[in-house]
Amino acid sequence: MTELGIDIETYSSNDLSECGVYKYVEAPDFSILLFAYSVDGGPVVCVDLAQGEELPCEVRSALTDPAVTKTAFNAAFERICISKWLGMPSPMDPSQWRCTMVRAARMGLPLSLGQCGEVLRLEDGKMKEGRALIRYFSIPGKNGKRHLPGDDPDRWELFKRYNIRDVEVEQAVLAKVRRLEVPAFDDDLYVADQEINDRGVMIDLKLVEAAARFDDEYKAELLKEAQTISGLENPNSPSQLKEYIHRVTPISVSSLNKANLDEIDEQLRYWPNVRRVLALRREMGKTSNKKYAAMLKCVCGDCRIHGLLQFYGAARTGRWAGRLVQVQNLPQNHLSSLDHARYLVRQGDLEEFEMNYSNVTQVLSELIRTSFIAAPGHTFHVCDFSAIECRVIAWLAGEQWVLDVFRSGGDIYCAAASQMFGKPVEKHGQNAELRQKGKIATLALGYGGGVSALEAMGGKRLGLTEAEEAEIVSLWRKTNPKIVKMWATIERAAMAAIKTGESVAVHRGIEIGRRWGMLTVTLPSGRTLCYPRASVGTEYGDSWRGDHDVIEYEGLNQTTKKWEKVRTYGGKLVENIVQAIARDILGVVILRAKEAGLAIVFHIHDEIVVEARPGQTLADVEALFSKPIDWCGDLPLKGAGYTTPYYLKD
């Protein structure tokens, strides 16, 4: 035996979707019901553990044998569940496992087994009855009752067939996705990722419990005030609120979204009660503080949250995706008195907290990051790359003046503004007001965007007119001609590869080709991005790009969440490539940290959070970021960090 394909069906009274697998297996009633496996791609066998059957000795031994590779779709689930079932004190070594879901994601395929089978057009796909069977046998009923095999023997036999089919589908998917060669560093990175999730991060449970209670109680106060002022039963109801505004004022409101409310806010100055009700509704509608409740649902018995990151969660680039608490979109903190605010929350007195802070929900939101704390005797070293995407895109395109700014330690936003407007710009000196224009241009325009991209980056908040924004777009493009040229170069190479099937070499070792009907982009690291069923066409019946050829491929539409045709273009492909390279650079840092014995507890975008023991210094962490990388040795990289007992945005 060299490879063991596994799929299990389980039971737990903990809600997997809310608590994650690490908390899921902590339920006293957790058990593995069915264990289906395939040895070296052979016939699938289902062991009915729930009814007393036992795994064959050679299969049980293989579970901990480093010479046998274990495979599963979303292997983290099987690995953690089986570790608990075997009574192991800590999760199994992830280096013995290979995740078929990750392999599928590397080829641009869905993270769902059923959807993956459909996209690959497998003859025998995942059984549709599975969801209902899982609801019946694996989840407590509405009355808390647990259904056992004897409660419905026919349905149980169908559940066993479903378990077998899952392994068959996984094996069929594996046969297709293992064709893609993966550089060794990315397999090593998957192992490091699993170790980070296994390690988890500690939370300040006292703070989190009090903050969750504060949020509930304060929003109840706001609701009561809004009801008293308006006389409405539910001031959060859009229909009730619109009717109230129409009844009390001559103003007609078609939508209650932020943009509309911002527009009518000044008009409502003559109706302060209505203005107050709308302000209260906004306050009650803030959802960021729900992260406190999410933390309480998934925190484990060791006071740590495990499984915060999904390896290869972003199919286009291979970046990580957040899970459970969604650390990828934590609110920033600008409060100068974080220690004081944390102290008051931990004291648990909402009334005293309100006496110190008028905007309770905002302050609670700013404290979310600080819920993540270093274990006793440890501290956090937080370190990130400076302007990593700006560095990478300039390096790819050969925009030398940008690289020179980074090599000299200059301020890229001042330098960009100086180049654009032809005058010296200093952050706190002459022409300082132009720096912000240089900043939003640098952040917004690198991937082919125009005025709308500037708008999204905050052009309107700067008071810019559309004409001024158009001028900034023009000036930035004139200042960065090689980046602009790269958009067209990448697009032409992609179209040529799709049409001819031949590989096209681009700058910096990037190679664009076509394999298995996919558009492929090989990165300098050796990793490959895949765009399934790519094609080029011109007849679309709309004006998306006029009569230009359009690149299409199949992917998950982020708006509809459906697998469908997705259009792309040179600027978007450049964005994917730049973000993918930035991801690989961070991956190198993660592996360096592991080799140096530095314990990363989680990471966000281009930032890592290290839980350091005494003697492990911030300088040790920063050194990981500045050391050159073999495949981008002339890319100027720099990391800077800070030390803190709890996570924050410095």
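Each value in this text was obtained by applying a stated rule to the coordinates, not by laboratory testing. Note that the structure is predicted; figures quoted are calculated from it, not measured. Here the Cβ is made from the backbone with ideal geometry for all residues, glycine too, and neighbour counts use every protein chain on show.
Looking at segment 400-479, I'd like the Rg to Rh ratio, where Rg is from alpha-carbon atoms and Rh is Kirkwood's inverse mean 1/r.
Working: Rg = 11.9 Å, Rh = 12.5 Å.
With Rh from the inverse mean 1/r over Cα pairs, Rg/Rh is 0.95.
Normalising by the residue count of segment 400-479, find the relative contact order in percent from Cα pairs under 8 Å and 6+ residues apart. Write out the running numbers ahead of the final one.
Working: 79 pairs, mean separation 21.4, N = 80.
Contact order relative to length: 27 percent.
Note the direction-averaged projected area, equal to a quarter of the hull surface, for the Cα convex hull of the chain, in nm².
Answer in nm², one decimal: 33.8.
Could you pull out every residue, at least 5 positions away or on a different chain, whose amide H is within less than 5 Å of the one on Val425? Hs are placed 1.01 Å off N in the peptide plane, and Pro or chain starts have none.
Here the answer is Ser418, since their amide H atoms fall under 5 Å of that of Val425.
Once a ≥ b ≥ c are taken as the square roots of the eigenvalues of the Cα gyration tensor of segment 138-292, is the result rounded (a/c under 1.5), prolate (a/b larger than b/c) or oblate (a/b not larger than b/c)? Don't skip to the end; give the middle numbers.
Working: a/c = 2.42, a/b = 2.01, b/c = 1.21.
Prolate shape, in that a/c is at least 1.5 and a/b is the bigger ratio.
Of Lys460/Lys649; Lys439/Lys482; Lys23/Lys142; Lys128/Lys291; Lys128/Lys572, which ones are farther than 28 Å apart at the Cα?
Working: Lys460/Lys649 25 Å; Lys439/Lys482 19 Å; Lys23/Lys142 21 Å; Lys128/Lys291 33 Å; Lys128/Lys572 36 Å.
Pairs exceeding the cut-off: Lys128/Lys291; Lys128/Lys572.
Label Arg477 and Gln240 with points 7 Å out from Cα along Cα→Cβ: what is the distance between them in nm?
5.1
Can you list the chymotrypsin sites (Phe, Trp or Tyr not before Pro) in segment 542-650 that are in a DSSP coil and have 14 or fewer other beta carbons within 10 angstrom?
Numbers: sites: Trp544, Tyr553, Trp563, Tyr569, Phe602, Phe625, Trp631, Tyr642, Tyr646, Tyr647; in loops: Trp544, Tyr569, Tyr647.
Passing both the DSSP loop test and the Cβ count: Trp544.
How many angstrom separate the Cα center of segment 265-320 from the Cα center of segment 26-81?
38
Under 1.5 on a/c is rounded, so check that first for segment 272-328, then, if it is not, pick prolate when a/b is larger than b/c and oblate when it is not; a ≥ b ≥ c are the square roots of the alpha carbon gyration tensor eigenvalues.
Since a/c reaches 1.5 but b/c is at least a/b, the shape of segment 272-328 is classed as oblate.
Would you mind ranking Thr559, Thr379 by Cβ crowding within 10 Å, fewest neighbours first? Could you put the intermediate results ahead of the total?
Numbers: Thr559 6, Thr379 18.
The fewest-first ordering by Cβ neighbours comes to Thr559, Thr379.
Taking 0.36 nm per residue of sequence separation and subtracting the Cα-Cα distance, how much length would be gained by fully extending the chain between Ala321 and His507, in nm to one decimal?
Numbers: separation 186, 0.36 × 186 = 66.96 nm, distance 2.89 nm.
Computed gain between Ala321 and His507 is 64.1 nm.
Points 7 angstrom from Cα along the Cβ direction at Glu266 and Lys562: gap in nanometres?
4.2
Quote the relative contact order of the chain in percent (integer), defining contacts as alpha-carbon pairs under 8 Å separated by 6+ residues. Walk me through the intermediate numbers first.
Working: 1031 pairs, mean separation 90.4, N = 650.
Relative contact order, the chain: 14 percent.
Considering the dipole of the chain built from charges on the beta carbon (Lys and Arg +1, Asp and Glu -1) around the Cα centre, which of Trp85, Leu223, Thr100 is farthest to its positive end?
Going by the Cα projections, it comes out as Leu223.
Grab the beta carbon distance between Gln347 and Arg199, set R0 = 30 Å, and tell me the FRET efficiency rounded to 0.05. If you can, show how the numbers build up before the last one.
Values: r = 30 Å, r/R0 = 1.01.
Efficiency, from the Cβ-Cβ distance: 0.50.
Can you spot the aspartates and glutamates whose alpha carbon is less than 13 Å from Lys70's alpha carbon? Ignore those fewer than 8 places along the same chain.
Glu3, Asp7, Asp40, Glu78, Asp93, Glu170
Could you work out how far apart the two model spin labels at Lys638 and His548 are, taking each label as a point 7 Å from the Cα in the direction of the beta carbon, and quote it in nm?
The two pseudo-label positions are separated by 3.5 nm.
Out of segment 137-189, which GluC sites (Glu not before Pro) are coil in DSSP terms and have no more than 11 other C-beta atoms within 10 Å? Could you put the intermediate results ahead of the total?
Details: sites: Glu157, Glu168, Glu170, Glu181; in loops: Glu181.
Counting only loop positions with at most 11 other Cβ atoms within 10 Å, the GluC sites (Glu not before Pro) in segment 137-189 are Glu181.
As I understand it, the dipole of the chain uses +1 on the Cβ of Lys and Arg and -1 on the Cβ of Asp and Glu, about the Cα centre. Which of Thr64, Leu148, Val588 lies farthest toward its positive end?
Comparing the listed Cα positions along the dipole, Val588 ranks first.
Out of the DSSP beta bridges found with both residues in segment 3-180, what percent are antiparallel (nearest 5)? Each step should come with its number before you reach the end.
Details: 13 of 19 bridges.
Close to 70 percent.
Subtracting the Cα-Cα distance from 0.36 nm times the residue separation, let me have the gained length for Leu86 to Asp29 in nm, one decimal. Kindly include the intermediate steps, with their values, before the conclusion.
Numbers: separation 57, 0.36 × 57 = 20.52 nm, distance 1.48 nm.
Computed gain between Leu86 and Asp29 is 19.0 nm.
With 10 angstrom as the radius, rank Arg613, Arg121, Arg103, Arg435 by how many other C-beta atoms surround their C-beta, starting from the fewest.
Arg121, Arg613, Arg435, Arg103
Looking at this model, which pairs from Lys176/Lys561; Lys145/Lys297; Lys297/Lys561; Lys176/Lys485 are more than 32 angstrom apart at the alpha-carbon? Provide the component values of the computation, followed by the final result.
Numbers: Lys176/Lys561 24 Å; Lys145/Lys297 21 Å; Lys297/Lys561 26 Å; Lys176/Lys485 36 Å.
In this structure, Lys176/Lys485 exceed 32 Å between Cα atoms.
If you rank Val550, Val536 by fewest surrounding Cβ atoms within 10 Å, what's the result? Please report the intermediate quantities before stating the final value.
On the way: Val550 18, Val536 15.
Result, fewest neighbours first: Val536, Val550.
Out of all DSSP beta bridges in the chain, what portion is antiparallel? Express it as a percent rounded to 5. Walk me through the numbers on the way to the answer.
Numbers: 57 of 63 bridges.
Here the share of antiparallel DSSP bridges comes out near 90 percent.
Full extension from Arg155 to Lys485: what is 0.36 nm times the residue separation minus their Cα-Cα distance, to one decimal in nm? Provide the component values of the computation, followed by the final result.
Numbers: separation 330, 0.36 × 330 = 118.80 nm, distance 6.11 nm.
Between Arg155 and Lys485, full extension yields 112.7 nm more.
Going by Cα centres, segment 128-174 and segment 352-423 are how many Å apart?
48
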